[in-house]
Amino acid sequence: MRREPPQTLGDYLPLLFPAAMLTIFFVVPFGTMIAVSFFQRQQGGFYTPAFVFDNYARFLSVFFGGVLGFSLMLAIIVAICCVVLALPFTYMLTRMARKVQVVWLVALLSILSLSEVIIGFAWSTLFSRTAGITNILVALGIMAEAKALTPSFGAVLTGMVYQAFPYTVLVLFPALVRLDPTLTEAARTLGASPLKAFFTVVVPALRNTITATLIMVFIFALGSYLLPQLLGRPQHWTLSVLITDQAIYQSNMPFAAAMAVFLVLVTLGLVALTVIAGRKGEAA
Amino acid sequence: MSGLALQNVVKEFGTFRAVNNVDLTVPHGTFVCMLGPSGCGKTTLLRMIAGLDLPTGGAIRLDGEDITQVPTHKRNLGMVFQSLALFPHLTVGENIAYPLRIRGAAKEDQKKRVDELLAMIHLTGYADRPVAKLSGGQRQRVAIARALSISPKLFLLDEPLSALDAKLREAMQVELRQLQQKLGITTIVVTHDQREAMTMADTVVVMSGGEIRQAASPIEIYRRPADSFVADFIGQTNLLDVAGDSSGRAVVLGQAIPGLELPAGAAKGTLSVRPEDVHLTAPSAGALTGKVTFVRDLGGTIETFVDVAGHQIVAVSTPRERPEVTVGQEVGIALTPDVCVVLKK
Amino acid sequence: MTSIFRKAYFFLIGLFLSLPLIVVAGVSVNQKQTLAFPPQGFSLSWYGEIFLNPEWRNALFASVTLAVLSAALAVAIALPLSWFLWRRIAPWANIFQLLGVAPFTLPPVITALGMLTFWATVGFYGQPWTAVVSHAIFFVTLPLVTLSLGFTSIDRSLVEAASTMGADERTIFRTVVLPLILPYIVSGYAFAFVLSLNEYIVAYMTVGFTVETLPIKIFNALRYGYTPTMASVTVLFVTTAAVIFGLVARFGDLPKLLGAMSSDGK
């Protein structure tokens with residue numbers, strides 16, 4: 001059986017169903033959304049076909065600028081926290097026995113697959129007055145009385161780091177597994193302490209991986225649509241939350257679509273950056 | 001004609017000619033080894049015989065029938081891959097029965113044939129083992145048995161023994177040759193190991209640069225190499241420039257060799273002398289004289305490196321038949337016409 | 001890194017990851033309908049509630065049905081596509097690979113909104129089956145990635161060997177390719193299944209007003225206050241995910257599936 005370009009029409013047959021599904025149910029909906037972003041909104045939740053830039057013009061408000069700025073800042077903080085926490089964790093994980101690795105990977109996958117609803121609920125419980133960690137602190141005599149830690153910016157940040165941490169580990173995992181272990185061993189024989197070897201050999205060797213991971217986690221955090229709503233105040237709402245809000249509760253589809261298109265452009269720009277960072281990594 | 005015939009076979013990958021106008025006939029029941037350095041086109045040629053690659057020109061005939069365009073699965077072949085390609089999801093028995101199973105053979109016939117083949121490769125009772133549990137040599141034998149289970153018209157092997165350690169490889173070479181002689185099956189093996197080719201083949205095909213340099217019996221290849229590439233590739237040899245003088249005698253390194261002649265019409269050539277045919281003498285008694293530069297004593301044989309006018313000549317002999325020489329000593333080198341092969345430039 | 005530092009670090013990370021779940025598990029066994037930790041009394045009745053209360057039971061049923069069907073559809077899309085890309089030389093067809101990975105890479109809100117506008121435009125908005133299609137597209141990335149990985153791990157000489165032994169294309173697929181790719185199909189399905197079970201935003205935007213899946217149910221319940229059933233459902237979900245991924249790890253090579261190709265040599 002030679003691997004060769006498709007010769008007959010029949011050779012294309014396996015492609016038919018996947019291509020049709022992805023085109024009809026991804027490309028077309030995506031196009032629809034872009035089209036709607038130019039539509040005219042009508043009172044009562046409907047919209048009429050048009051070609052107006054009104055929806056995009058609304059971006060130019062102080063409110064929207066504030067939301068965008070907050071969303072980007074939040075995602076950047078989450079990405080940095082996650083990579084800082086996950087890099088040493090993943091590095092050590094890859095050097096552990098295979099069985100231990102598997103247990104951790106199963107746990108991380110389980111948490112990663114959890115619904116945002118569930119993560120939001122779990123953390124709001126942990127941060128609640130009646131069932132939260134403050135009760136433990138009270139029991140230990142550190143705090144006088146239990147109090148609610150949510151809604152707050154800290155709660156939003158914690159929830160989002162919790163959500164993105166397993167993702168970060170899984171993104172870093174392949175690159176760290178492939179890292180040549182003799183690299184640090186060589187550093188050790190040259191007199192570097194384990195910690196020093198990590199910072200002088202592992203981190204520089206992974207510079208491009210770290211950049212790419214930061215961007216990927218950033219995109220991941222940008223997609224968080226419920227945690228800011230469940231754990232924060234309205235001023236902590238992000239672009240994703242706002243899109244959901246506009247689409248569902250304000251029934252302003254064209255504006256929601258315009259924001260979504262904008263979000264796509266931001267994301268795609270970052271994906272392009274990731275690819276470039278990856279290319280550089282290969283070349284190095 | 002019975003057997004395999006390649007006629008003007010060409011294979012091009014883009015602008016690169018991997019196989020260039022190969023003509024070869026392999027009579028039925030012959031054991032052929034295709035030998036050459038990596039990239040010489042031998043594996044590509046084998047893959048075209050198997051139908052895994054299609055030639056860009058020429059024809060392949062099997063028992064007179066043109067099979068150039070016949071898809072692989074209709075050629076009734078047996079092939080052993082370099083990686084062995086044993087199916088990891090099947091047991092030893094299921095692997096061997098695979099060609100029979102997909103041809104719809106009855107269960108009992110499959111079982112009978114598997115038992116027969118397992119007996120042949122000395123692995124009786126291994127049918128239900130997973131292939132992953134076998135040693136390298138056992139896997140090798142299973143791959144061979146699987147390729148032979150339908151009694152194919154052609155038995156093809158691509159570097160079949162390369163994964164084995166040296167000792168096991170030599171044993172398997174003998175085993176494979178004996179098996180082939182017993183079954184009388186037309187067999188083509190691709191290898192880069194000349195010892196392997198010499199051990200097993202009826203015909204050795206030496207390839208280089210996509211072309212056949214020589215196709216002949218092992219001993220002829222060794223004794224009468226067609227050109228300096230073959231002489232150099234098969235075994236060790238000393239290659240020296242040779243030219244004819246005005247009276248037609250062959251001159252090597254400034255010395256005329258009595259009795260040696262150049263091929264008719266040629267003024268220049270290359271002289272090939274095997275190290276074991278180079279005899280050391282007293283400085284005055286040899287055709288050439290030189291200085292010993294290095295002695296490699298391997299116990300069973302001794303290699304003596306002699307510098308003659310800036311050219312290195314190696315002599316190999318057993319310790320008993322060799323005169324006592326040391327590094328720096330002047331020695332003579334005897335060259336008799338019967339051990340010299342003059343090759344065209 | 002020193003062993004004590006490593007242990008302490010892993011302990012803290014483990015604590016961070018498990019603390020919310022421990023508290024939720026504690027809350028889920030409260031005797032009364034209160035949000036209290038440590039739990040007051042012990043009762044498993046909130047677990048029974050998932051199956052006994054018709055609202056929660058229907059949500060569970062809707063979620064499982066959605067996950068079973070959409071994961072199957074996702075595999076049905078991913079398998080022929082990844083097979084084609086492996087079998088043929090057709091660089092242009094990689095565009096479909098890209099399309100398959102895109103929905104999962106983009107922020108989920110975007111896919112959700114795209115689906116919402118699409119289904120509203122074609123007039124099927126709110127039909128339960130639209131959620132199946134939407135989830136299948138959203139999660140097709142997972143089987144696509146595992147299957148692509150699976151195909152690259154199949155030694156092509158196995159396929160060539162089968163053809164020298166007389167197997168045609170169809171037979172090769174049935175007797176060699178399918179058995180070897182099966183573990184990857186199963187793990188791809190498992191990944192898509194678990195994620196579909198947990199997915200909120202796409203389901204909410206496509207069928208949120210007609211069908212209540214468990215995540216939607218939890219979210220709706222959250223807005224009206226607290227009920228311990230949320231906690232028991234959360235524990236159920238975490239356990240399900242852990243069991244399924246545990247099985248994938250037990251019968252497959254999890255580190256390899258997650259991209260650690262060097263663990264196997266090839």
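The values are calculated or read from the model by the stated rules, or taken from the named source; none is laboratory data. Because the structure is a prediction, the values reported are computed rather than measured. Cβ: placed from backbone, ideal geometry, glycine included. Neighbour counts: every protein chain shown.
Brief remarks on what is shown
- Candidates C:Thr105, C:Thr2, C:Thr34 - the one that is under 21 Å from the mean Cα position of the chain (by Cα) and at pLDDT below 90: C:Thr105
- Filter result for the condition that a residue is more than 14 Å from the chain's Cα centre (by Cα), surrounded by fewer than 24 Cβ atoms within 10 Å (Cβ to Cβ), in contact (Cβ under 8 Å) with a residue 24 or more places away in the chain and within 14 Å of chain B (Cβ to nearest Cβ), over C:Ser153, C:Ser157, C:Ser148: C:Ser153
- Test: residue in the range A:12-33 that is within 30 Å of A:Arg233 (Cβ to Cβ) and either surrounded by 11 or more Cβ atoms within 10 Å (Cβ to Cβ) or acidic (Asp, Glu) (or both): yes
- Any hit, the range B:11-18, residues being outside any strand (DSSP E or B), free of Cβ contacts under 8 Å to residues at least 24 places away in the same chain, assigned by TED's automatic domain parsing to the domain that holds B:Ser162 and under 21 Å from B:Ala215 (Cβ atoms): no
- Counting the residues of the range A:197-224 that are crowded, with 20+ Cβ neighbours inside 10 Å, aromatic (Phe, Trp, Tyr) and at the interface with another protein chain (Cβ under 9 Å from one of its Cβ atoms) gives 1.
- When the criteria are applied in full, A:Ala247 meets the requirement of being without any contact (Cβ under 8 Å) to a residue 12 or more places away in the chain, out of contact with any strand residue (DSSP E or B) (no Cβ under 7 Å at 6 or more places or on another chain) and surrounded by 21 or more Cβ atoms within 10 Å (Cβ to Cβ).
- Within the range C:38-55, the residues that satisfy the criterion of being of a type in the set (Ser, Thr, Tyr) and surrounded by fewer than 18 Cβ atoms within 10 Å (Cβ to Cβ) are C:Ser43, C:Ser45.
- Those strands (runs of 3 or more DSSP E) lying entirely in the range B:184-292 with at least 3 residues under 30 Å from B:Gly29 (Cα atoms): B:186-191, B:203-208, B:211-216
- Residues satisfying the stated conditions in the range C:103-126, i.e. closer than 18 Å to A:Ala20 by Cα and facing chain A (nearest Cβ under 7 Å): C:Pro103, C:Gly114, C:Met115, C:Phe118
- Residues within the range B:42-67 that are farther than 23 Å from B:Gln194 by Cα and in contact with an Asp or Glu (Cβ under 7 Å, 6 or more places away or on another chain), tallied: 3
- Test set (1) facing another protein chain (nearest Cβ under 9 Å); (2) at pLDDT below 90; (3) more than 30 Å from C:Arg156 (Cβ to Cβ) - C:Ile89 fails condition number: (3)
- Counting residues in the range C:39-52 that are at pLDDT 90 or above, among the β-branched types (Val, Ile, Thr) and under 23 Å from the mean Cα position of the chain (by Cα) gives zero.
- Only one of the numbered conditions (1) touching a strand residue (DSSP E or B) at 6+ places or on another chain (Cβ under 9 Å); (2) part of a helix (DSSP H, G or I); (3) not basic (Lys, Arg) is violated by C:Ala221, and that is (1).
- Test: A:Val138 is exposed (fewer than 14 other Cβ atoms within 10 Å of the Cβ), more than 7 Å from chain C (Cβ to nearest Cβ) and part of a helix (DSSP H, G or I): no
- Pair list, Cβ under 9 Å, 6 or more apart: the range A:84-97 residue closer than 16 Å to A:Ala212 by Cα, other residue not polar (S, T, N, Q) and not in a helix (DSSP H, G or I): A:Leu87/A:Leu206
- Residue match in the range B:282-301 (condition: surrounded by fewer than 14 Cβ atoms within 10 Å (Cβ to Cβ) and within 28 Å of B:Glu220 (Cβ to Cβ)): yes
- Residue count for the range C:19-37, restricted to those that are at the interface with chain A (Cβ under 8 Å from one of its Cβ atoms) and either surrounded by fewer than 16 Cβ atoms within 10 Å (Cβ to Cβ) or β-branched (Val, Ile, Thr) (or both): 4
- A:Val241 being facing chain C (nearest Cβ under 10 Å) and closer than 19 Å to A:Gly120 by Cα: yes
- The residues of the range B:146-189 that are within 12 Å of another protein chain (Cβ to nearest Cβ) and buried (at least 20 other Cβ atoms within 10 Å of the Cβ), listed by number, are B:Arg146, B:Ala147, B:Leu148, B:Ser149, B:Pro152, B:Leu154, B:Phe155, B:Leu156, B:Leu157, B:Asp158, B:Glu159.
- Unique match (being crowded, with 22+ Cβ neighbours inside 10 Å, out of contact with any Leu (no Cβ under 7 Å at 6 or more places or on another chain), closer than 30 Å to A:Phe26 by Cβ and more than 7 Å from every other protein chain (Cβ to nearest Cβ)) among C:Val207, C:Val194: C:Val207
- Checking B:Thr68, B:Thr25, B:Thr43 one by one, the residue that is out of contact with any helix residue (DSSP H, G or I) (no Cβ under 7 Å at 6 or more places or on another chain), assigned to a loop (DSSP other than H, G, I, E, B) and either β-branched (Val, Ile, Thr) or within 14 Å of chain C (Cβ to nearest Cβ) (or both) is B:Thr68 and no other.
- Condition met for C:Ser134 (under 20 Å from C:Ala102 (Cβ atoms), within 11 Å of another protein chain (Cβ to nearest Cβ) and within 15 Å of the chain's Cα centre (by Cα)): yes
- Flag if A:Thr32 is in a helix (DSSP H, G or I), in contact with a Gly (Cβ under 8 Å, 6 or more places away or on another chain), at negative phi and at the interface with chain C (Cβ under 8 Å from one of its Cβ atoms): yes
- Residue check, B:Met34 surrounded by 22 or more Cβ atoms within 10 Å (Cβ to Cβ), modelled with pLDDT of 90 or more, aliphatic (A, V, I, L, M) and not in a helix (DSSP H, G or I): yes
- Residues of the range A:52-111 that are under 27 Å from A:Val261 (Cβ atoms), more than 11 Å from chain C (Cβ to nearest Cβ) and small (Gly, Ala, Ser): A:Ala57, A:Ser61, A:Gly65, A:Gly66, A:Gly69, A:Ala79.
- When restricted to residues that are polar (S, T, N, Q) and in a loop (DSSP other than H, G, I, E, B), the range B:309-332 contains 3.
- Residue count, the range C:74-133 (criterion: in contact (Cβ under 8 Å) with a residue 12 or more places away in the chain and outside any helix (DSSP H, G or I)): 3
- Some residue of the range C:121-129 being crowded, with 24+ Cβ neighbours inside 10 Å, at pLDDT 90 or above and of a type outside the set (D, E, K, R): no
- Any pair with Cβ under 9 angstrom, 6 or more apart, that starts in the range A:114-137 at a residue that is under 14 Å from C:Ile22 (Cβ atoms) and ends at one that is of a type in the set (D, E, K, R): A:Gly132/A:Lys147; A:Asn135/A:Arg129
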